[in-house]
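The values are calculated or read from the model by the stated rules, or taken from the named source; none is laboratory data. All values derive from a computational prediction rather than experimental measurement. Neighbour counts are summed over all protein chains in view; Cβ atoms, including those assigned to glycine, are modelled from backbone coordinates with ideal geometry. Side chains are part of the model used for accessible areas, which takes the heavy atoms of the whole protein and leaves out ligands, DNA and RNA. Shrake-Rupley method; radii C 1.70, N 1.55, O 1.52, S 1.80 Å.
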Amino acid sequence: MRKALLALLLGFIFCLPSIAQTKKIIKHDSTAYYMRNDYDLANSESDAKSLRLIIKAKNGLFRIEDYYLDAKPKLLAESTINGIHFESGTEGERIDYYPTGNIKTITQYDKGQLIGDKESNYPNGSLYSVTTRIGNLEYLKKYVDTAGNILADNGNGKWADFDNMFVMPTEGRIVDGKRVGEWVQTRTNGIKTSGVYKNGVLVSGDLFLQDSTIYSAIDTPPSFPGGDSEYNHFISSRVKYPLMARKNNVQGKVTISFIVEKDGTLTNVKVLKGIGSGCDQESARVISLSPKWNPGIINGKHVRVQYSVPVGFFLSAE
């Protein structure tokens, strides 16, 4: 029944004549977006990698349902926020899926913060690891290799981190739930690279120097210092409404994309979706003035993250 309903819903959305706005209203309590990645709207249907449905739930929350373009589930969650950037309002269980339909991760949230255990699986659906969030720190709890052998339990033993395709392991030891000592990464060409962890933090070695990966799917997204209210204040206090936009009554939201570096600095600021009349340039200018953000986190360490935010331009009624 659910699959039949989903097929009808997806068929209706994909048959819509225009996708230029990326946002389509299905009914009064549901909205659909074409997504380029977990955090950014697609520029067009051809640029889309998934479909995000936001549905008003009976419990007062908003149910977030992401689907790959072949209708397989990608993400299921609930949030207090009715928007594509729902993460900071996530409540309860969140389930992420591989494109095959197997469960990738199961996590628990309270007011947008990871709590309790996070279960991660291999692409075939078998258990890979169990970690626990303690404050802002990740406690490595259990690791199971591809053969089903438990190599780390209760925070101690051997551990392996993998790339997204599970083909390039970085292996070492954990003590009391933290990475310690030398860890060695084996690339697909057989070349080995090492780095040294101290009390769970990568502090030296080639791995430390070479980690320049830009992520979109992460454990903890970047955030403006002070939260959304401070971001809104920063924008409103610095944006100057372009004269041309005022004269032409141009209003709307500009979407700005950028990279949040490991130290929180914003780089590669560019317009992802504009409204013209000088608003695009003004948005990029203001975002470039932003203070350092709280960086994104994967496995307890800061990483580079591709991110996007809206900048609104609205004229008050006279």
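Inside segment 240-266, can you point out the residues that are surrounded by fewer than 14 Cβ atoms within 10 Å (Cβ to Cβ) and within 19 Å of S223 (Cβ to Cβ)?
Keep residues of segment 240-266 that are surrounded by fewer than 14 Cβ atoms within 10 Å (Cβ to Cβ), which gives 240, 243-244, 247-249, 263.
Answer for segment 240-266, where residues must be surrounded by fewer than 14 Cβ atoms within 10 Å (Cβ to Cβ) and within 19 Å of S223 (Cβ to Cβ): just D263.
Taking the criterion of being loosely packed, with under 10 Cβ neighbours inside 10 Å, at pLDDT below 80 and not in a loop (DSSP other than H, G, I, E, B), would at least one residue in segment 27-37 satisfy it? Spell out how you get there, then give the answer.
Let us first name the residues in segment 27-37 that are loosely packed, with under 10 Cβ neighbours inside 10 Å, namely 27-28.
With the extra rule that they be at pLDDT below 80, the set shrinks to 27-28.
Checking which are not in a loop (DSSP other than H, G, I, E, B) leaves us with 27.
Yes, segment 27-37 contains at least one residue that is loosely packed, with under 10 Cβ neighbours inside 10 Å, at pLDDT below 80 and not in a loop (DSSP other than H, G, I, E, B).
Filtered by the rule that a residue be surrounded by fewer than 12 Cβ atoms within 10 Å (Cβ to Cβ) and not in a loop (DSSP other than H, G, I, E, B), segment 182-206 gives K192, V203.
Would you confirm, using the coordinates I've provided, whether S237 is hydroxyl-bearing (S, T, Y) and open to solvent by less than 30 Å² (accessible area, probe 1.4 Å)? No: the conditions fail for S237.
Being in a loop (DSSP other than H, G, I, E, B), β-branched (V, I, T) and within 28 Å of R94 (Cβ to Cβ): is that true of I256 here? Walk me through how you get there before you give the answer.
Details: in a loop (DSSP other than H, G, I, E, B): no; β-branched (V, I, T): yes; within 28 Å of R94 (Cβ to Cβ): yes.
No: the conditions fail for I256.
Scan segment 161-175 for residues that are modelled with pLDDT of 95 or more and either not in a strand (DSSP E or B) or not aliphatic (A, V, I, L, M) (or both) and report the count. Number satisfying all stated conditions: 3.
Among residues of segment 147-174 that are surrounded by fewer than 13 Cβ atoms within 10 Å (Cβ to Cβ), those with a beta-carbon under 9 Å from a residue that is at pLDDT 95 or above and among the aromatic types (F, W, Y) at least six positions away or on a different chain give the pairs I150/Y143; D153/Y143. Looking only at residues that are under 18 Å from the mean Cα position of the chain (by Cα) and in a loop (DSSP other than H, G, I, E, B) in segment 286-297, which one is nearest to N232 (Cα to Cα)? Taking the candidates together, the pick is W293. Considering only segment 267-285, state which residues are open to solvent by less than 50 Å² (accessible area, probe 1.4 Å), farther than 19 Å from S236 by Cα and free of Cβ contacts under 8 Å to residues at least 40 places away in the same chain. Matches in segment 267-285: T267 only.
Can you tell which of G116, G125, G92, G83 is in a loop (DSSP other than H, G, I, E, B) and farther than 18 Å from N37 by Cβ? Walk me through it before giving the result.
Values: G116 fails: in a loop (DSSP other than H, G, I, E, B); G92 fails: in a loop (DSSP other than H, G, I, E, B); G83 fails: farther than 18 Å from N37 by Cβ.
On inspection, the qualifying residue turns out to be G125.
Do you know which residues across segment 298-314 are modelled with pLDDT of 85 or more and either outside any loop (DSSP other than H, G, I, E, B) or buried (at least 16 other Cβ atoms within 10 Å of the Cβ) (or both)? Scanning segment 298-314 gives R304, V305, Q306, Y307, S308, V309, P310, V311, G312, F313.
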